[in-house]
Structures are given as C-alpha cells and as structure tokens.
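Read through the structure below, which is laid out as structure tokens, and then see the notes.
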Amino acid sequence: MEELKPNKSDLLALARSKLASERTFLAYFRIAVVFFSSGFAILKLGALRVITSIGYFLLVLAPLMMQIGIFHYYYTRRQLQKVYDNNQIKEFD
C-alpha cells in the first residue's frame, strides 16, 4: 500500500490548529487574571460589601479557569503531536 504524505495545505492546517490552541490558552489565562483581579478588587473596596461573596467566588474560580486552560492546551498539544508522529512530520515545535 502506498503511504500518503501530507501536502502543504495539511501542514498549514496543523500549524493553524497549533496557533488556535495557543490563542485559546491565552484566552483562559486572560479570563483567570480578570476573575482574580475582580475578586480581589471587590474584597478590598469597602463600598462593595454587599457582593463580598461574589468576590470570594471569583477568587476560587480564577485558578480553576487557569487549570482548565492548561489541561485543554496540553490535551490539544498531545493530539496534534499524535498527528505529527503518524505522518512522520518533524516540524512540531
């Protein structure tokens, strides 16, 4: 059986997928920073004592969002690496 080699558009699709995964991680990171800073600001401002529970919730949610982003990034990276390995492509990083 003849082995199929990836063409240029396949390589570009894999590169786009890698870049999309990195952008998604940065979005999760950005959300985590916003949640953390918002929660911290709510807790520090005396005028916002009514919504203190929301501040604590955001402080708990921020690291969870970061963990989800990290998990998703490495999961996608592993899946892309499998495609690269199956097609014997040496240009992943």
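If you go through the range 19-33 and keep only what is under 17 Å from Leu61 (Cβ atoms) and free of Cβ contacts under 8 Å to residues at least 12 places away in the same chain, you end up with just Arg30. Tallying residues that are of a type in the set (S, T, N, Q) and modelled with pLDDT under 95 within the range 52-75 yields 2. Any idea which of Leu48, Leu26 is under 17 Å from the mean Cα position of the chain (by Cα) and among the aliphatic types (A, V, I, L, M)? Just a single option satisfies the conditions, and that option is Leu26.
Counting only residues that are open to solvent by less than 90 Å² (accessible area, probe 1.4 Å) and at pLDDT 90 or above, the range 20-50 holds 18 of them. Any chance you could count how many residues in the range 42-81 are assigned to a helix (DSSP H, G or I) and over 30 Å from Glu22 (Cβ atoms)? Total meeting the criteria: 14. Would you confirm whether any residue within the range 82-89 is farther than 30 Å from Lys5 by Cβ, touching a residue at least 12 places away in the same chain (Cβ under 8 Å) and either outside any helix (DSSP H, G or I) or in contact with a Phe, Trp or Tyr (Cβ under 8 Å, 6 or more places away or on another chain) (or both)? No, every residue in the range 82-89 fails to be farther than 30 Å from Lys5 by Cβ, touching a residue at least 12 places away in the same chain (Cβ under 8 Å) and either outside any helix (DSSP H, G or I) or in contact with a Phe, Trp or Tyr (Cβ under 8 Å, 6 or more places away or on another chain) (or both).
The values are calculated or read from the model by the stated rules, or taken from the named source; none is laboratory data. Since this is a predicted model, take the numbers as computed values, not measurements. Cβ: placed from backbone, ideal geometry, glycine included. Neighbour counts: every protein chain shown. Ligands, DNA and RNA are excluded from the accessible area calculation, which covers all protein heavy atoms including side chains. Shrake-Rupley method; radii C 1.70, N 1.55, O 1.52, S 1.80 Å.
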